[in-house]
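Notes to accompany the following structure.
The values are calculated or read from the model by the stated rules, or taken from the named source; none is laboratory data. A quick note: this is a predicted structure, and the numbers were derived from the prediction, not measured. All Cβ positions, glycine included, derive from the backbone under ideal geometry; neighbour counts span all protein chains shown. Ligands, DNA and RNA are excluded from the accessible area calculation, which covers all protein heavy atoms including side chains. Shrake-Rupley method; radii C 1.70, N 1.55, O 1.52, S 1.80 Å.
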Amino acid sequence: MTSTTSQNLFDSLQMGDLTLKNRAVLAPLTRGRAGDARLATPVMAEYYRQRAGAGLLITEAAAVSQRGNAWVGTPGIYTGEQAESWEQVVEAAHSKGSRIFLQLWFGGRASHSNILDGELPVAPSAIAIDGEGVHTKQGKVPHEVPRALETDEIPGIVQDYLSAAKLAHLAGFDGVEVHSANGYLLDQFLQSKTNKRADEYGGNVENRFRLLREVIAAISTVFASNRIGVRFSPNGVFNDMGSQDYRETVLYAAGELGRMDLAYLHVLDGLGFGFHELGTPVTLAEIREVYTGMLMGNCGYELDTAQQAIASGAADAIAFGRPFISNPDLLDRFQNGWPLADSDPETWFGGDMQGTAYTDFPAYQA
Ligand SMILES: Cc1cc2nc3c(=O)[nH]c(=O)nc-3n(C[C@H](O)[C@H](O)[C@H](O)COP(=O)(O)O)c2cc1C
């Protein structure tokens, strides 16, 4: 359900049964500070507390199983210890009146055997990423050709998501976001560029959507559907994505999700995280035609463009990623017209666990 009475970033928003204090969202940001144990830490809790000016926090991607990992130092949600470690993050968000969803992640071909105890990463098809490489403990290493999942292995992938959702629920998260964007496993299944399967999980768009449908159905046994969000990146090129039928694919998928009474659909509509240039970008307006629930835009938004998107009704909420890294008090800065601080991309994906370039960005001093 979407409230259409207020049309300002700072206004509250009804999202299913939850009232968000405003329409600004912390976008999921992998920061690589979870260490080898892939546990949420007190420093991470502090990081989220600092950014809880946003009505909704979406956590950094958390792997749904050991084999779902695809990065060094990223957290997981596949052991009881991990679930317990996340409780402090949930409490931090709630203590500031913010809501928090955990992003559920399976890397697929974006991973590497260095991360997976020597096993090859899995994917819909044996097609390697043509790109810069993967962040592992050995540094950045070239991508490998993944192993195509057998059809009878797919229920096991769905099971990974189900187990992760149960642990996220135990940790107290308000909901989960299913990461089906940026070239990770579910996006690999959805997109024709990476899915060349001949079974019922490949071929036409209905089949390519099947795994996401099954994942949502499984998770819906743990969280009510209106506590589940989904993320898409139809215009993106990250992880070597971009399919000729990108528009048809996302409009079909969004239409199907529109019948599931989800918390929200989160779309990287902006082009500032890379654009495949295969045609004109998919817009929020197009998604709106097929998806009537709460719609969240993201990518390259600033205060004025976010306000325009919300005022025009193109989006119900806007997620901010990079601006939140160096501006923990982003909402205060927006509201008061204070300048924004920059961050160094070298520090985005990891580094000092004690907070350097992580929790030590100050709030604005007037
Ligand atoms: C350091 C960094 C980490 C990111 N990690 C994630 C992630 O874990 N999950 C995800 O869906 N997107 C991730 N993204 C993409 C962001 O959520 C967002 O879509 C992107 O930064 C564009 O939005 P912005 O222009 O507001 O930064 C990441 C981006 C950056 C810069």
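Pick from the range 65-80 the residues that are at pLDDT 95 or above and part of a loop (DSSP other than H, G, I, E, B): which of them is surrounded by the fewest Cβ atoms within 10 Å (Cβ to Cβ)?
First pass over the range 65-80, keeping only residues at pLDDT 95 or above: 65-70, 74-80.
In the following step, the residues that additionally are part of a loop (DSSP other than H, G, I, E, B) were identified as 65, 69-70, 74-75, 77-79.
Details: Ser65: 19, Asn69: 25, Ala70: 26, Thr74: 25, Pro75: 29, Ile77: 33, Tyr78: 20, Thr79: 16.
In this case the residue turns out to be Thr79.
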Go through the residues of the range 213-220 one by one and say whether even a single one is within 16 Å of the ligand (Cβ to nearest atom), buried (at least 24 other Cβ atoms within 10 Å of the Cβ) and within 30 Å of Gly172 (Cα to Cα). yes
Can you tell me how many residues in the range 36-50 are away from the ligand (no atom under 16 Å from the Cβ) and open to solvent by less than 20 Å² (accessible area, probe 1.4 Å)? 1
On the basis of being within 11 Å of the ligand (Cβ to nearest atom), over 20 Å from the mean Cα position of the chain (by Cα), among the β-branched types (Val, Ile, Thr) and open to solvent by less than 70 Å² (accessible area, probe 1.4 Å), does Thr359 make the cut? no
Given the criteria open to solvent by 10 Å² or more (accessible area, probe 1.4 Å), touching a residue at least 12 places away in the same chain (Cβ under 8 Å), over 22 Å from Phe320 (Cα atoms) and not small (Gly, Ala, Ser), does Glu91 qualify? no
I'm told Lys96 meets every condition in (1) among the basic types (Lys, Arg); (2) within 16 Å of the ligand (Cβ to nearest atom); (3) more than 22 Å from Glu119 (Cα to Cα) except one. Can you identify the failing condition by its number? (2)
Is it fair to say Val205 is more than 25 Å from Asp36 (Cα to Cα) and touching a helix residue (DSSP H, G or I) at 6+ places or on another chain (Cβ under 6 Å)? yes
Consider Ala62 carefully, then state whether it is of a type outside the set (Asp, Glu) and outside any strand (DSSP E or B). no
Looking at this structure, is Ala165 crowded, with 24+ Cβ neighbours inside 10 Å, away from the ligand (no atom under 16 Å from the Cβ) and under 17 Å from the mean Cα position of the chain (by Cα)? yes
Determine which member of the set Asp332, Asp316, Asp304, Asp342 is acidic (Asp, Glu) and open to solvent by less than 20 Å² (accessible area, probe 1.4 Å). Asp316
Out of (1) over 26 Å from Leu18 (Cα atoms); (2) away from the ligand (no atom under 11 Å from the Cβ); (3) surrounded by fewer than 18 Cβ atoms within 10 Å (Cβ to Cβ), the odd one out for Val282 is which? (3)
